[in-house]
Amino acid sequence: MKNLIGCILLVLISCQGKQEPKNIKDTTNESSFKQDNKTINNTDGLFILKEIISENFVRIIPPKNADFEFPDSSAKTEPFKNGDFNADGKIDILVYLGACGTGGCMYGLFLNQYDDFYKLVFMDYLKNAEFKVEKSGVWTIESSEELEPYNPSKIQITTFKFDKSKYEYIIDTTFVHHDKEAEEMINE
């Protein structure tokens with residue numbers, strides 16, 4: 001009997017020495033919340049992109065405090081072009097955002113910062129998009145559209161280049177290419 005009482009007392013004393021928190025989950029959540037809070041501060045203003053290749057789909061999660069709105073909420077956001085647009089060694093992604101009209105469709109260019117976190121550096125309409133890689137490795141985006149429907153003799157060409165100081169793509173040049181020979185053939 002003494003042995004039984006001694007074992008029970010030993011168990012009670014050992015349990016009393018280990019003070020567990022009132023709610024283990026609450027404590028765990030507090031510490032992980034602190035870690036998540038640091039992460040949120042570090043990624044402020046960054047988008048989370050998850051490319052689902054098998055579905056030809058890009059899930060875009062805007063930053064929490066951003067006033068970002070999708071131009072066409074019914075459009076399926078699809079990857080259009082992957083590459084190292086700003087020559088930093090990371091793969092960036094140009095995403096189709098829908099909102100199509102006569103001037104083309106809306107696209108967003110997201111530059112990879114790290115992991116699945118991206119910065120939106122370009123959102124504009126593109127039509128007949130072409131890409132050129134400069135000597136520095138930075139990509140140039142070119143968009144061209146007919147100024148008159150079914151008349152390829154007058155084409156407006158707009159070039160977008162990466163501005164490192166602003167960390168965004170901006171319009172570099174816009175001009176109209178007028179092919180007089182093509183116009184004469186159309187008018188005949």
(message) Looking at the range 149-183 only, could you name the residues that are over 33 Å from the mean Cα position of the chain (by Cα), exposed (fewer than 12 other Cβ atoms within 10 Å of the Cβ) and of a type in the set (Ser, Thr, Tyr)?
(response) Tyr150
(request) Determine which single condition Phe70 fails, assuming it passes every other condition in (1) within 11 Å of the chain's Cα centre (by Cα); (2) more than 22 Å from Glu142 (Cα to Cα); (3) of a type outside the set (Asp, Glu). (result) (1)
(message) I'd like to verify a number: residues in the range 83-117 that are assigned to a strand (DSSP E or B) and surrounded by 15 or more Cβ atoms within 10 Å (Cβ to Cβ), how many?
(response) 20
(request) Determine the pairs where a residue that is in contact (Cβ under 8 Å) with a residue 24 or more places away in the chain, located within the range 73-94, has a partner that is assigned to a loop (DSSP other than H, G, I, E, B) and of a type in the set (S, T, N, Q) with Cβ atoms under 9 Å apart, the partner being 6 or more residues away or on another chain. (result) Pro79/Asn56; Ala87/Ser136; Asp92/Asn86
(request) Can you work out which of the residues in the range 56-80 that are more than 12 Å from Gly98 (Cα to Cα) and of a type in the set (S, T, N, Q) is modelled with the lowest pLDDT? (result) Asn65
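The values are calculated or read from the model by the stated rules, or taken from the named source; none is laboratory data. Everything quoted here is computed from the prediction, not taken from an experiment. Using ideal geometry, Cβ is built from the backbone for each residue, glycine included, and neighbour counts are taken over all protein chains shown.
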